[in-house]
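K.L.:
I'd like to ask you about the structure that follows.
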Amino acid sequence: MTTSKPLLIDDVEACVDHIIATIGKDIRLGLPLGLGKPPHFVNALYRRAKNDPSLHLTILTALSLEVPSPGKGLQKALMAPFLKRVFGDYPGLDYMRDIHSGSIPKNIDVYDFFFKSGAMVNNAYAQRRYISTNYTHATRDILNYRPNVLCQLIAHRNNNGADEYSLACNPEITLDMLDELMDRKARGEKILIIGKVHQNLPFMVNDAIVSENTFDILINNQKYSTTLFAPPNQPVSTTDFMIGLHTSTLIPDGGTLQIGIGSLGDAIVYALMLRQQNNADYKAILDELEIPKKQGSLIDRIGGTEPFKRGLYGASEMFVAGFYHLMKAGILRKKVFDDLTLQRVVRKHQWQDTVNTEFFQHLIDDQAIHNPLTENDVAWLTKFGIFQDRVRWQNQQIISPEGTSISADLSDRSAFDQIVQSCLGDALKHGRTMHGGFFLGTKVFYDGLRDLSEEERSQINMTAISYVNALYGNEELKRAQREKARLCNTVFTAHLLGAATSDGLENGQVVSGVGGQYNFVSQAHELPDGRSILMLKSARTKKGVTQSNIVYKYGHTTIARHLRDIFVSEYGVADVRGRTDQEVVAAMLNITDSRFQPELLREAKANGKIAPDYEIPEAYRNNTPQRLEKIVAKYRAKGHFPAFPFGSDLTAEELTLAQALRKVAARAEKASELVTAAWKMRNQAPHSPRTEALLARVGLTQAQGIKDKIARQLLIEELEKLA
């Protein structure tokens, strides 16, 4: 921390002036990933360096957020107004625009350790400057560049007349860097730590709160509190829902959960809520999909299908909106404690948070407190709500809230009874239902976080990534907290022998980055009752061609085969931890799309990895999208499996158009569809006023040119089907 109050600045240009005057012309800027970047400040510093070649600017960061392109044609007509409404006046990042246009000047370098998935494929500038590192090692690797300016968005509140500041959405790497940066400052290095207050950023407590003196500069001006970047919910497909259902059966009551952002995370949360709130329908769907029949023994051993009694605890690098929904649904309610002694007792006895005679006796029996009680015992008991706030220790006596002196000797039955009757509290304090590193989500999510009660807010601990993503460092406590951990991650390719690919292509191009995926996979293997769950869609279709995402081999690996554990596709679960290669191949074939099973089986036989006479069991030879769609349609009619289970920023009209345009895009890839549409234009059937209004929304009331006319015809057909 600094020894003096931070400099208060209300203008980003003045801040840039101060940085150059203090640091000099070699500026190495560390920025948090995702939401925590202050775009107005970053753009001001970037413009200054761009216009002054004598400055050298290095930017060290990850996941730079950009408003999506509206696309072209019909898609642009639909998406441009929507994007303006959702992203408002979020200014974006100038350096990202220049990276895409190839106009980054030579005196500026931008280094990333994580990209938005697919955003930088074939961008030579970004690919060359990508840093491949585990999330837990990112702090080390960034510090090796010796950053001399650190800046991020922070939240502010006034608490009983005192200013408080929170790292809010991004304590993850900042907390891990602060000690090193402070040491360097103490040794005379010129370093500036800057907080940019955003007045709409949800204020998070616990480890996220930092002293005002952490900062050398505070920027606070309402004009910079523009729209927070809030990516809209993605539609959840049938494939997503099926993966979510399978995964939900592997999550035990009282367990620990890690999930990510996107449609697969939403699908898991939806399935868990269905399991909790409508268990009869949940089980009926599982039965129709034959899930208990195919994986019942695994579910019985490591998962469950009953409603949650103890609830779940979340430990995830990303605090996604799904955890918020689980909290509100009463599922994310299992509390852990950032105190090893208390956590051991709570876990041993599977205790919730009630304080009573039984729990007090557990503390005595487990030697969590001394007999007689010491002054430190009483302070500890009071801190965690086991004793009431006004209980004191004085001269070997316990002083009750009423002022009665009681012997501290717990073997004295009379004293024990008096303590129980006069001193015990009602519920444990400082329990955490969630440890997270950073958050990013929809506007509804941010609004929900701002509106949390203080009790709810206190249960969320946004903290350092070294705490969430690794076991080393305070390891005993982390192991005690992370009971029955189910650490769920997404991959885009699974290898038949159990390796997986999620971050890059076999030509070396980086799709996203490893992020924390390896951290959680390895952590699952280190926890005695933990499991790694890698989820993937079994197939993908591009330009009318469908390919399997489960392959015999692939030229790039993110998770090595010796770390294989559980894979989940829409067709089922492959439990491959500790299995032979032949067993792994057989299990992976069982969750493969049946269109690709024969060829994969032939390749495995050709390479001697499965017996020459092996045949895929009949029960797994009908892994087809059509079978799943038929089952899901039945339950959609009952109100289950909505495309946007947690709401959408799209209006009803936009949702209809988006659905129709996806169908049009698929049909437009086939020449036969285009020819048929052109023929139908000659004898066009009348359409409804509603369809006419939707055509007007995308500028197709009248079409000019053959391309637009065919698109109009296809869109009319799809809109009429939806009507």
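K.L.:
Kindly state which strands (runs of 3 or more DSSP E) lie completely within segment 492-556 and contain at least 3 residues that are at pLDDT 95 or above and within 30 Å of K478 (Cα to Cα). Show your work before the answer.
P.N.:
Details: elements: 493-495, 531-535, 539-542, 545-548.
Here the list reads 531-535.
K.L.:
Using beta carbons and a limit of 9 Å, which pairs, at least six apart or on different chains, have the first residue in segment 347-368 and at pLDDT below 95 and the second one assigned to a helix (DSSP H, G or I)?
P.N.:
So the pair list comes out as Q352/V346; D353/V346.
K.L.:
Follow-up question, since we're still on this one. Which pairs do you get when a residue that is farther than 11 Å from C169 by Cα and basic (K, R), found in segment 310-323, comes within reach of a residue that is surrounded by fewer than 24 Cβ atoms within 10 Å (Cβ to Cβ) and modelled with pLDDT of 95 or more, reach meaning Cβ atoms under 9 angstrom, with the pair 6+ apart or on two chains?
P.N.:
If the second residue must be surrounded by fewer than 24 Cβ atoms within 10 Å (Cβ to Cβ) and modelled with pLDDT of 95 or more, the pairs left are R310/D253; R310/G254; R310/R333; R310/Q350.
K.L.:
Identify all residues within segment 411-444 that are surrounded by fewer than 20 Cβ atoms within 10 Å (Cβ to Cβ), over 39 Å from the mean Cα position of the chain (by Cα) and either closer than 16 Å to T382 by Cβ or among the β-branched types (V, I, T) (or both); write none if there are none.
P.N.:
V420, S422
K.L.:
While we're on this one: Only one residue in L657, L650, L628, L715 is over 30 Å from Y324 (Cα atoms) and modelled with pLDDT of 80 or more, so which one is that?
P.N.:
Numbers: L657 fails: over 30 Å from Y324 (Cα atoms); L650 fails: over 30 Å from Y324 (Cα atoms); L628 fails: over 30 Å from Y324 (Cα atoms).
Testing whether each residue is over 30 Å from Y324 (Cα atoms) and modelled with pLDDT of 80 or more leaves just L715.
K.L.:
Under the condition of being of a type outside the set (S, T, Y) and either part of a loop (DSSP other than H, G, I, E, B) or more than 19 Å from the chain's Cα centre (by Cα) (or both), which residue from segment 461-473 is modelled with the lowest pLDDT?
P.N.:
Quick first cut of segment 461-473, residues of a type outside the set (S, T, Y) only: 461-462, 464-465, 468-471, 473.
Right, trim to either part of a loop (DSSP other than H, G, I, E, B) or more than 19 Å from the chain's Cα centre (by Cα) (or both) and you get 464, 469-471, 473.
Working: A464: 98, N469: 97, A470: 96, L471: 97, G473: 93.
For segment 461-473, the residue satisfying everything is G473.
K.L.:
Is it the case that segment 298-305 has a residue that's small (G, A, S), touching a residue at least 24 places away in the same chain (Cβ under 8 Å) and loosely packed, with under 14 Cβ neighbours inside 10 Å? Spell out the reasoning first.
P.N.:
In the first step, residues of segment 298-305 are kept if they are small (G, A, S); the result is 303-304.
Add one more test, that the residue is touching a residue at least 24 places away in the same chain (Cβ under 8 Å), and what stays is 303-304.
Okay, now just the ones that are also loosely packed, with under 14 Cβ neighbours inside 10 Å, so none.
No, segment 298-305 contains no residue that is small (G, A, S), touching a residue at least 24 places away in the same chain (Cβ under 8 Å) and loosely packed, with under 14 Cβ neighbours inside 10 Å.
K.L.:
Having 2 or more residues that are of a type outside the set (A, V, I, L, M, F, W, C) is the bar; report the strands (runs of 3 or more DSSP E) wholly within segment 380-460 that clear it.
P.N.:
Numbers: elements: 392-394, 397-399, 405-407, 434-439.
The strands (runs of 3 or more DSSP E) meeting that bar are 392-394, 405-407, 434-439.
K.L.:
Hey, another quick one. If I filter segment 232-251 down to residues being part of a loop (DSSP other than H, G, I, E, B) and crowded, with 21+ Cβ neighbours inside 10 Å, which single residue comes out as nearest to the chain's Cα centre (by Cα)?
P.N.:
Out of the qualifying residues, it is N233.
K.L.:
What number of residues within segment 1-18 are touching a residue at least 40 places away in the same chain (Cβ under 8 Å), in contact with a helix residue (DSSP H, G or I) (Cβ under 7 Å, 6 or more places away or on another chain) and in a helix (DSSP H, G or I)?
P.N.:
2
K.L.:
For E476, are the conditions met, namely being surrounded by 21 or more Cβ atoms within 10 Å (Cβ to Cβ), under 22 Å from K348 (Cα atoms) and either among the aliphatic types (A, V, I, L, M) or not assigned by the TED database to the domain that holds V345 (or both)?
P.N.:
On the way: surrounded by 21 or more Cβ atoms within 10 Å (Cβ to Cβ): no; under 22 Å from K348 (Cα atoms): yes; either among the aliphatic types (A, V, I, L, M) or not assigned by the TED database to the domain that holds V345 (or both): yes.
So E476 does not fit the description; no.
K.L.:
Under 7 Å between Cβ atoms, at least 6 apart or on separate chains: pull out the pairs that start in segment 603-632 with a residue that is farther than 16 Å from A587 by Cβ and end on any residue that is assigned to a loop (DSSP other than H, G, I, E, B) and small (G, A, S).
P.N.:
These pairs meet every condition: N622/S594; T624/S594.
K.L.:
Can you tell me which residues in segment 469-495 are without any contact (Cβ under 8 Å) to a residue 40 or more places away in the chain and under 15 Å from T433 (Cα atoms)?
P.N.:
K478
K.L.:
Which of the residues spanning segment 252-292 are within 23 Å of the chain's Cα centre (by Cα) and either part of a loop (DSSP other than H, G, I, E, B) or aromatic (F, W, Y) (or both)?
P.N.:
Scanning segment 252-292 gives P252, D253, G254, G255, I259, G260, I261, G262, Y270.
The values are calculated or read from the model by the stated rules, or taken from the named source; none is laboratory data. Since we're looking at a predicted model, the values are computed, not measured. A quick note on method: Cβ atoms are made from the backbone with ideal geometry, for glycine too, and the neighbour counts reach across all protein chains shown.
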